Every structure is written in structure tokens, then in C-alpha cells.
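To keep things clear, I will list the structure first and then write my remarks on it.
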Amino acid sequence: MAKPTKEMENLFKEQTMLTKKQKFCVYLATASKDGVPNVVPIGGSRLLDNETIVIPDNYLNKTKKNIEENPKAAIVVTDEEKHDGYQFKGEIKIEYSGPIFEDTEKFMRDFCKAAGIDPPILPRGAAVFTIEEIYAIKPGEEAGKRLI
Ligand SMILES: Cc1cc2nc3c(=O)[nH]c(=O)nc-3n(C[C@H](O)[C@H](O)[C@H](O)COP(=O)(O)O)c2cc1C
């Protein structure tokens, strides 16, 4: 497991500010069992705790198929103003019931309410990503270096 820093935590919070206009997405990369890559923008990701990023499965399609056959995934979050961000690598699975799924449903209800989306978009599942490695992506000498 790899524990994100306070800066990393803040980036995830900014990304899904419930009361303001959403600032940016994170990007989730998966691959099929044969290694065919797929990357999608995600607006609703959250850092749940020190080792978990949760993504509401509202529309995941090829991504979902990939997750079912290959749990390896990567996520990138960027701060475009500061030209900074982080790359996370780990394993992902989709949960369809239980506390994380229920929490994700509540998150989507709150998110849609704040954004004026009625009826709310409700998740079919919660994609749970366990962070194993964290890398720098900031341009410069440290780009690509493992941080944690
Ligand atoms: C700005 C933006 C935000 C998105 N946020 C989410 C999200 O939070 N959850 C989700 O399931 N899909 C989200 N999507 C849709 C996915 O990016 C994508 O369309 C979906 O996973 C289907 O692509 P796939 O077949 O490659 O999986 C978002 C798309 C955009 C453009």
C-alpha cells in the first residue's frame, strides 16, 4: 500500500468540489487481458482513505470489461495551473453492494444535487482502486520518479 500526501488528498478534493463548478477530471487507464489499453476521464473520483480511490461506475463500459479480466490500473490526477500532479498505480475491482457502494450512491446524490442534476445519476457500482505506487509527473528532473 502507498499512502498519499496531504497535497495529493487536496487535489482529489478540488477535483470534485460539490459546491463549485467542477475544475477537472482524473484519468483512469485499464487494459484488457491481452494488454489493449483504454483510458477514460472521470469526474466523480474520491480519495476514500489512505490507500483507496473510489470511482462511481455510472457509465463504465470497456473499462468495466477490462477490470473484470485484468485488475491492474493506473490513475492520473493533474493540477494544470501548477503544472503538477500524480500518477497512481494499483489494482481495481467493482463492488455492487456494501458500505463503499452505499457511500458512493450518497456521494452521487449529493454531487447531483449541488450541480442541479435532477433526477440524480445513480451509480451501478463503485470501482475501488487500491493504491500501490505513486509517481511524480511534474515536468522536470523528477518526472516519472517513484515518490511512494
Ligand atoms: C468530464 C467527464 C466526466 C466523466 N465522469 C465519469 C464518472 O465519474 N463515472 C463514470 O462512470 N463515467 C464518467 N464519464 C464517462 C467515461 O469517461 C466513459 O465515457 C465511460 O467509461 C465509457 O467509456 P469506456 O467504454 O472506455 O469505459 C465521464 C466522462 C466525461 C467526459
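A short reminder: the numbers here are calculations on the coordinates, not readings from a lab. Quick caveat, the model's predicted, so the values are computed rather than measured. With ideal geometry, Cβ positions are generated from the backbone for all residues, glycine too; neighbour counts draw on all protein chains shown.
Pair-distance distribution P(r) for the stretch 24-76, from all Cα-Cα distances in 5 Å bins starting at 0: 4, 21, 31, 25, 14, 4, 0 percent. The Cβ shell under 15 Å around GLY140 holds other residues with a net charge of -1, Lys and Arg each +1, Asp and Glu each -1. Where is the GNM fluctuation largest for the chain (alpha-carbon springs, 10 angstrom cutoff): GLU81, GLU95, GLU132? Looking only at GLU81, GLU95, GLU132, the biggest GNM fluctuation is shown by GLU81. Sorted largest first, the spans of the alpha carbon positions of the stretch 78-131 along the three principal axes are 36, 28, 13 Å. Taking a straight line from the alpha carbon of LYS3, these aspartates and glutamates sit under 15 Å away, with near neighbours fewer than eight places off in the same chain left out: ASP49, GLU51, GLU91, GLU132, GLU133.
So if R0 is 41 Å, what FRET efficiency would LYS65 and LYS6 give, r being the distance between their Cβ atoms, rounded to the nearest 0.05?
Values: r = 35 Å, r/R0 = 0.86.
Given R0 = 41 Å and the Cβ-Cβ separation, E is 0.70.
Distance between the C-alpha centres of the stretch 35-97 and the stretch 106-137: 10 Å, rounded to the whole angstrom. Comparing PRO56, PRO119, PRO37, which has the greatest mean-square fluctuation in the GNM of the chain with Cα pairs linked when under 10 Å apart? Between PRO56, PRO119, PRO37, it is PRO119 that shows the largest mean-square fluctuation.
Helical runs (DSSP H, four residues minimum) scored at -39500 (n - 2.57) apiece and divided by the length of the chain put the mean residue ellipticity at 222 nm at -7500 deg cm²/dmol.
Comparing LYS82, LYS64, LYS138 in a Gaussian network model of the chain where C-alpha atoms under 10 Å apart are linked, the largest mean-square fluctuation is found at LYS82. The alpha-carbon positions of the stretch 6-136 define a convex hull whose volume is 102 Å³ per residue. Which entries of LYS6/LYS33; LYS106/LYS138; LYS72/LYS145 have Cα-Cα distances beyond 24 Å here? From the list (LYS6/LYS33; LYS106/LYS138; LYS72/LYS145), the Cα-Cα distance tops 24 Å for LYS6/LYS33; LYS106/LYS138. Other residues within the sphere of radius under 14 Å centred on the Cβ of TYR96, judged by their own Cβ, net out at -3 (K and R +1, D and E -1).
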